[in-house]
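Written below as structure tokens is the structure these notes are about.
The values are calculated or read from the model by the stated rules, or taken from the named source; none is laboratory data. Note that the structure is predicted; figures quoted are calculated from it, not measured. A quick note on method: Cβ atoms are made from the backbone with ideal geometry, for glycine too, and the neighbour counts reach across all protein chains shown. Heavy atoms of the whole protein, side chains included, go into the accessibility calculation; ligands, DNA and RNA do not. Shrake-Rupley method; radii C 1.70, N 1.55, O 1.52, S 1.80 Å.
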Amino acid sequence: MFATVWLKELKAHLFTWKGLVWLVLAALLFSLTCYLLLTDAELTLLDHTEMLWLLSMIIIGTAFLIVTIDASSLITSEFEKETAESLFLSPLPLGQFILGKLLASLTLWFTILLIATPYIIVTAAGTGLAPAFLGYVALLGTLGIFAIIMIIFGISLLFRSIKSTLTTSLVVLLAFTVPALFSSTLKNNPAAQFFAKVNPVDNIFSSLDNVLVDFQRSISQNWQFIWPLLVFLGVAFGFMLLAVKRFRRRGVVRGD
Amino acid sequence: MTRKPSLLLIFSLVLPAAAIAEAGQPAVAATPPLELKILSSASLNGTAGDFVTVDARITNVGPSPISGVATYLSLIDMENKQPVDLEDWSAERGAYIPAIDAGQTVPLSWKVHFVVPGSYSLVVVAFTPGCEVPQVSTITHFDVKPKQNLNPGQVLPVAIGMPVALALLLLLVGAGRRRKKAK
């Protein structure tokens, strides 16, 4: 049943010109970034591994943004188009419905990763870091994006409005991304250090730095960054479950 | 019973000692007796991205040792007529020399990274505490050629190919949908 929802979403969102325009724009951004970074690396203005780390942050950041915008409308569009009532009156369980939508969002992330793969291979050429680069972007990106999608679905079920969900989701994304871009000198106080420890985006960027710049490629060497992501994934799942319970209590039509 | 030394005796000992101490201090000079020369004038031309070494030497041509000399590079962009911020050009902008004996020559060396193409003038400056005027080497001119590579790291096939391929896919999907609607 979730497969039906998943395929319907792919046809309605991804394989349309609107959906593909996002991917073309992402490819253009990756092209420009790679070209500029490789030009700088050739002038030895930028160390090759630092360049790879910058590219990895661009790929992850772009994916987070596109998936956030897309996921914000996946569930709320059913309410806006007034198809939610008939949908939830059908024998489709809410869990299957959410799973189908979740897989559609994750498919978008994997499509962006597929587009980024040639860029990763060509920019990492000669460093021997291409497999680690690709592997860790896939692993860390999947964990982070999976968690963000669940948070956005929870927000969608609470707000039931595209505008409110999108605004809140973008604010949440900014709240995680902006502090992650601060240099280490701005993270000297205990509060900033604690937030850096729990911030999923900060953990993703720090792990990629560890792998690409410091050559610490094993899972055990990056476990300090991966386990907070797993905890965040659990928290996001818990938030989505609470939102589902509240949605069921309130009914499809509020007050029902 | 001990006799206390008289005040006259104390002054007669202290005053000559002070005069001797003062005589040991170098007099404040207008220009330090230092000679600065850039040795690598002929080999500085290069291409953006190159790393070169600026070799220089500093000689104490005066009769007395000089201490606490600070030397640094100064670079001017001759095209824009502006001094260049050496932050990206050289990590070691200054070299401190604790002491140079009379007649001694000390070698100096800076590793410089050519960042921006253009025409430049370089001098080495030596600053000595107590001297009003710093010592400056003769000017060395050099050119940095631009590095032109339109396809760094063979990225162009991917950078152009991927967006073009996706745009073609976009057109195919659009055309397919229009055909379905027409049917």
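Things to note:
- Relative packing of peptides A:203-216, A:141-154, A:226-239 - highest average C-beta neighbours within 10 Å first: A:141-154, A:203-216, A:226-239
- Shielding of peptide B:172-179 by partners, expressed as the average count of other chain Cβ atoms within 10 Å per residue Cβ, is 2.
- Pairwise alpha-carbon distances in the protein assembly as shown exceed 30 Å for 63% of all pairs.
- Pairs beyond 19 Å (Cα-Cα), from A:K8/A:K81; A:K8/B:K183; A:K8/B:K180: A:K8/B:K183
- Under 22 Å from B:K37, Cα to Cα: lysines that are on another chain or at least 8 residues apart: B:K111
- Stokes-Einstein D (µm²/s) once Rh is taken as the Kirkwood radius of chain A over alpha-carbon pairs, at 4 °C in 1.567 mPa s: 67 µm²/s
- Applying 1/(1 + (r/R0)^6) with R0 = 30 Å to the Cβ-Cβ distance of B:R179 and A:K8 gives a FRET efficiency near 0.90.
- Portion, in percent, of the accessible area of the protein assembly as shown that falls on carbon or sulfur, probe 1.4 Å: 66 percent
- Rolling a 1.4 angstrom probe over the protein heavy atoms with all chains in place gives segment B:55-181 an accessible area of 59 Å² per residue.
- Formal net charge of residues neighbouring A:L208 (Cβ-Cβ distance under 12 Å; K, R +1; D, E -1): -3
- Candidate cross-link partners of A:K101 among the aspartates and glutamates, defined by an alpha-carbon separation under 12 Å and a same-chain spacing of 8 or more, comprise A:E9, A:D70, A:E78.
- Order of exposure, largest accessible area first, which applies to A:W17, A:W109, A:W22 with probe 1.4 Å: A:W17, A:W22, A:W109
- Between the helical axis of A:48-74 and the longest alpha-carbon principal axis of chain A there is an angle of about 10 degrees.
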